[in-house]
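Below is one structure, written out as structure tokens, with a few remarks after it.
The values are calculated or read from the model by the stated rules, or taken from the named source; none is laboratory data. Model, not experiment: these values are computed from the prediction. Here Cβ is always computed from backbone atoms with ideal geometry, including for glycine, and neighbour counts include all displayed protein chains.
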Amino acid sequence: MSPSFIRGWEERPTRDSMKSWDRRSSAEYREAQMALLRSFLKEQVLPFSPRYRRVLGEAGVDPDSLREPADLSRIPFTTKEDIAPTKDDPQRSREIVLQPTPDSLRESLPLGKKVRLGLQKWVSGEEAVRQRLAREYRPVSVFFTTGRSALPTAFLLTRFDIAILEEAGRRIIEVAEIDPAQDRLISLFPYAPHLAFWQVYYAGLGGTVFSLNTGGGKVMGTEGILQSIQKIRPAFLVGIPGYMYHVLREAHGASLDLSFVKGLGLGGDQVTPGFRTRVKELLEGMGATRPRVQSVLGFTEARKCWAECPGEAAGGFHTYPDLELIEIVDPATGKPVAEGETGELVYTTLTGRGSCILRYRTGDLIVGGMSFQPCPHCGRTVPRIASQLERVSNLKSFQLSKVKGTLVNLNVLKDELENDSRVEEWQLVIKNRNDDPFDVDELHLNLALSSRVPEAEHDAVATQIERRLFQISEVNVNSIRVLPLRQLLDLLGMETQLKEKRIVDLRAAPASRPGEPVTR
Ligand SMILES: [Zn+2]
């Protein structure tokens, strides 16, 4: 299937259609994006999206009036709460799916496309036209958001969207500088109807790279994964940071040779500088030469991921300006921030079918915002998202005293614990005192310490860590338990969960807690 969306560029007035997707000037991108947005709204969204036909109608948005990025503010934001299913309306997320009918198709198709379809009908018959439209519009797959407090939201994909997913995969391989001719890839992402697993699968297809998708520890087991690593000798391992570290530690414990590994691709969780250092050291200890550690960012609502290119200082996530429009806004005012300033990532589909969203507030804070300058490492001119982000889901409100709630940034604790080389694994358990939902919240930390720390020093180290956590977060941990590594790995569910249980919140239902941000 030819990726028809690439034609989007050729149909627009661009000066040099031989330039690839990633080497145009900022001004060219901006102009092309506004043109894509206008035609996407006119030809797809207004005629076929039940939600946005209503929302844009109520806001009085005329697509033709959207000329400059500043005009975007006329389109209302979409939030998680706007589209997440509720008990009363479990099908609510279907509202954002493009759903053409024969009548709406007849009315809204641009003349050029009408003529093409008419010709096809004349040459190949009515059934051929029906098949073509089904490939474009009929959902064939679905990803779900993962969330603790909100019900999972379904994002549907058609064959058209799968082609985009595959193209995004091809670009990830290209940006990450994986050489399809010789590099093999093993994915440790858990098998689930989630974006990460399938993005890697389609990256292998799109980039023509041999890959083994293990399904993670829950499916193949760490033992099985280590065996396939030895057989396949992959240049790249990709997966969730927590489980990746576990697999590398097991490989190190078994004195395996991983000299063939060139690097790691990590996604699904934040990668702290301390974590980067740790996994690099482990890999070098198994013979790898100057291994690269690159992150991949993605979220279900975008139905695709973005990669970092291999540079010493991270150049950020390289986005696809022909497929999406990304804004960074002040989370309090919703106003756009300047280039390089921290703010919340807002996402708009420019090329897609199935579930399409406009100005979607992701809740992810990008520290250092976006850059429109050429990447210092690879020279690509695409907009880049800074590598450090803070998921709002890690900002939790705590009732530490009976008087008032406190907002605690758990990312700060995560950074500290991952930077401390004495800590091998950790788990934070949050619960109500005496398991009474009306009592205050308590934090309990489980630690496994590095084998380099003598047992006689465990208590002293635990006390030092407790003090340090208080210094940086002003939150008192109620108890610290030092556990044997195996026991903590069981508690984390490293071999049994889709994602390890790093922060366990056992408090009463979050819905009853005012001020708690809704997490995915
Ligand atoms: Zn780059």
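Of note:
- Glu341 fulfils the conditions (1) of a type in the set (Asp, Glu); (2) within 30 Å of Asp161 (Cα to Cα); (3) modelled with pLDDT of 95 or more except for a single criterion, (2).
- For segment 73-81, the condition holds for at least one residue, the condition being that it is of a type in the set (Asp, Glu) and either out of contact with any helix residue (DSSP H, G or I) (no Cβ under 6 Å at 6 or more places or on another chain) or within 15 Å of Lys42 (Cβ to Cβ) (or both).
- Across segment 71-101, the number of residues qualifying as part of a helix (DSSP H, G or I) and either aliphatic (A, V, I, L, M) or surrounded by fewer than 19 Cβ atoms within 10 Å (Cβ to Cβ) (or both) comes to 11.
- Filtering Val238, Val293 for residues that are within 16 Å of the ligand (Cβ to nearest atom) and in contact with a helix residue (DSSP H, G or I) (Cβ under 8 Å, 6 or more places away or on another chain) leaves a single hit, Val293.
- Flag if Lys414 is of a type in the set (D, E, K, R), away from the ligand (no atom under 16 Å from the Cβ), more than 30 Å from Glu442 (Cβ to Cβ) and surrounded by fewer than 21 Cβ atoms within 10 Å (Cβ to Cβ): no
- Selection of segment 52-70 for residues being closer than 25 Å to Pro100 by Cβ, in a helix (DSSP H, G or I) and of a type outside the set (Asp, Glu) yields Tyr52, Arg53, Arg54, Val55, Leu56, Gly57, Ala59, Pro63, Ser65.
- Residue check, Pro321 part of a loop (DSSP other than H, G, I, E, B) and within 16 Å of the ligand (Cβ to nearest atom): yes
- Applying a threshold of 7 Å to beta carbon distances and a minimum spacing of six or more residues, or different chains, the list of pairs starting in segment 426-443 at a residue that is of a type in the set (Asp, Glu) and ending at one that is part of a loop (DSSP other than H, G, I, E, B) reads Asp441/Gln399; Asp441/Leu400; Asp441/Arg507; Glu442/Asn478.
- One residue stands out among those in segment 344-378 that are aromatic (Phe, Trp, Tyr) and within 17 Å of Arg30 (Cα to Cα): the one that is nearest to the ligand (Cβ to nearest atom), which is Phe372.
- Here is the figure for segment 127-164: residues that are modelled with pLDDT under 90, among the basic types (Lys, Arg) and either crowded, with 17+ Cβ neighbours inside 10 Å or in a helix (DSSP H, G or I) (or both) total 2.
- Residues (touching a residue at least 24 places away in the same chain (Cβ under 8 Å), more than 21 Å from Gly242 (Cα to Cα) and hydroxyl-bearing (Ser, Thr, Tyr)) located in segment 444-479: Ser473, Ser479
- Pick from segment 450-490, criterion modelled with pLDDT of 95 or more and basic (Lys, Arg), ranking: surrounded by the fewest Cβ atoms within 10 Å (Cβ to Cβ): Arg486
- The residues listed here are Thr381, Thr333; of these, the one that is farther than 30 Å from Leu443 by Cβ, within 16 Å of the ligand (Cβ to nearest atom) and over 18 Å from the mean Cα position of the chain (by Cα) is Thr381.
- For segment 303-318, a residue qualifies if it is crowded, with 20+ Cβ neighbours inside 10 Å and either away from the ligand (no atom under 11 Å from the Cβ) or not in a loop (DSSP other than H, G, I, E, B) (or both), and the qualifying residues are Arg303, Lys304, Cys305, Trp306, Ala307, Glu308, Phe317, His318.
- Of the candidates Val238, Val247, the single residue that is surrounded by 18 or more Cβ atoms within 10 Å (Cβ to Cβ) and not in a helix (DSSP H, G or I) is Val238.
- Residue match in segment 299-321 (condition: touching a residue at least 12 places away in the same chain (Cβ under 8 Å) and closer than 24 Å to Met494 by Cα): yes
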